[in-house]
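Comments concern the structure below.
The values are calculated or read from the model by the stated rules, or taken from the named source; none is laboratory data. This structure is a prediction, so every number in the text was calculated from the model and none was measured. Quick reminder, even Gly has a Cβ in these numbers, built from the backbone with ideal geometry, and neighbours come from all protein chains shown. The protein model used for the area step is the full one, side chains on, heavy atoms only, and it has no ligands, DNA or RNA in it. Shrake-Rupley method; radii C 1.70, N 1.55, O 1.52, S 1.80 Å.
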Amino acid sequence: MLILGIETSCDETGVALYDTQDGLLAHALFSQIDMHADYGGVVPELASRDHVRKLLPLCDQLLDRANRLRQDIDGIAYTAGPGLVGALMVGGSVAHALGLALGIPVLGVHHMEGHLLAPMLEENPPAFPFVALLVSGGHTQLVKVDGIGVYEMLGESVDDAAGEAFDKAAKMLGLDYPGGPRVAALAEKGTPDRFRFPRPMTDRPGLDFSFSGLKTFTLNTVHAAEKEGDLSDQTRADIALAFESAVVDTLTIKCRRALQQTGCSRLVIAGGVSANRRLRTGLEGMAAKLKGSVFYARPEFCTDNGAMIAYAGAQRLQAGQRDGERIVAVPRWPM
Ligand code: KG4
Ligand code: ZN
């Protein structure tokens, strides 16, 4: 089966062609980041309009790149949620219109399931069961994965997501959106141990997270430095490093707990924050001590992309799942 995947849940228009025999044939992405940067975050109405402009031309580019025709496609998967409702509607409408025109099945898939399965597109994919840490701009979750669609939620953030905390810390440090990679780059120049940030909710049992306190701690540290007239580039880098270390340590402690609690030896990390180099190193060190291993996608498949949606959709379409006649767009949708 040749599956077209469509991702339009937020600020990236992503498409991909996945063949259930030959694997990923091609993918293409248009990022709206520059358009939203002037506003310091994603503007939903602008996002939807740009998906309308970009999606069909991007699909044609993709088919050209893979040397295929629209008629070669056997099924279409699109992100049905969670995400911005207008943006989701664009992907869903195009998917259903193409599906109807071509007479092929269409299926709306869960965006976080896409992230979760993205490491399956790599050369050495993890076998089931595994524990997955989903860390994106909207989610921080630990999930036990026994198979496609067999998910047990082990813990999640009670407030902000890790990526959201990165984005907010970035703003406080005068960095542009999206903040995660920029905080990470600034932290490279930081002096270790100049500031010590808390590791929230690690001193009590359980697998839930909380990142909003870390945000307040960052703001207070920035204000204190400003008051002392010392918000130099070096101080900003030191704060960035202290913040990043606190997030990485917190995630690492909870992942260790999750592996021990479930008896799993494989840890998958997925979502935008899983591109973070220090997080990968921290988790790999932890897992090695437990004789376990860590799996993640190539950086471009950690953040939003069409390939993960094509892959997740292919698994479900192959199993006979499909939408009815209605477009599915679910802004809030627990996995
Ligand atoms: O998965 P994603 O592309 O979109 C959502 O589904 O939310 O994740 C985006 C998030 C943003 O908050 C971004 O700042 C963060 O991932 N991010 C990073 C890094 N790259 C992206 N955070 C920390 N370090 C990075 N290298
Ligand atoms: Zn995402």
Going by the conditions given, is Ile309 within 16 Å of ligand 2 (Cβ to nearest atom), farther than 19 Å from Phe130 by Cα, of a type in the set (A, V, I, L, M) and surrounded by 24 or more Cβ atoms within 10 Å (Cβ to Cβ)? yes
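If I filter segment 277-298 down to residues being of a type in the set (Gly, Ala, Ser), in contact with a strand residue (DSSP E or B) (Cβ under 8 Å, 6 or more places away or on another chain) and open to solvent by less than 30 Å² (accessible area, probe 1.4 Å), which single residue comes out as farthest from Ala185 (Cα to Cα)?
Gly292
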Phe217 - would you say it is among the aromatic types (Phe, Trp, Tyr), modelled with pLDDT of 95 or more and in contact with a Gly (Cβ under 9 Å, 6 or more places away or on another chain)? no
Filter pass, Val135 being among the hydrophobic types (A, V, I, L, M, F, W, C), in contact with a strand residue (DSSP E or B) (Cβ under 9 Å, 6 or more places away or on another chain) and farther than 18 Å from Leu259 by Cβ: no
Among the strands (runs of 3 or more DSSP E) confined wholly to segment 92-191, which include 2 or more residues that are touching a residue at least 24 places away in the same chain (Cβ under 8 Å), out of contact with any Leu (no Cβ under 8 Å at 6 or more places or on another chain) and within 16 Å of ligand 2 (Cβ to nearest atom)? 106-110
Is it the case that segment 3-10 has a residue that's free of Cβ contacts under 8 Å to residues at least 24 places away in the same chain and either of a type in the set (Phe, Trp, Tyr) or open to solvent by 20 Å² or more (accessible area, probe 1.4 Å) (or both)? no
Working only within segment 208-224, note down all residues that are in a helix (DSSP H, G or I) and open to solvent by 10 Å² or more (accessible area, probe 1.4 Å). Ser212, Gly213, Lys215, Thr216, Phe217, Leu219, Asn220, Thr221, His223, Ala224
Hey, Lys144 open to solvent by 30 Å² or more (accessible area, probe 1.4 Å) and either among the small types (Gly, Ala, Ser) or closer than 27 Å to Asp176 by Cβ (or both) or not: no
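Condition check ((1) polar (S, T, N, Q); (2) away from ligand 2 (no atom under 16 Å from the Cβ); (3) not in a helix (DSSP H, G or I)) across all residues:
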site: Ala242; (1), (2), (3): no, yes, no
site: Ile253; (1), (2), (3): no, yes, no
site: Leu267; (1), (2), (3): no, yes, yes
site: Ser274; (1), (2), (3): yes, no, no
site: Lys291; (1), (2), (3): no, yes, yes
Residues that are open to solvent by 40 Å² or more (accessible area, probe 1.4 Å) and within 20 Å of His115 (Cα to Cα): does segment 184-206 have at least one? no
Members of segment 38-55 found to be in a helix (DSSP H, G or I) and among the hydroxyl-bearing types (Ser, Thr, Tyr), listed by number: Ser48
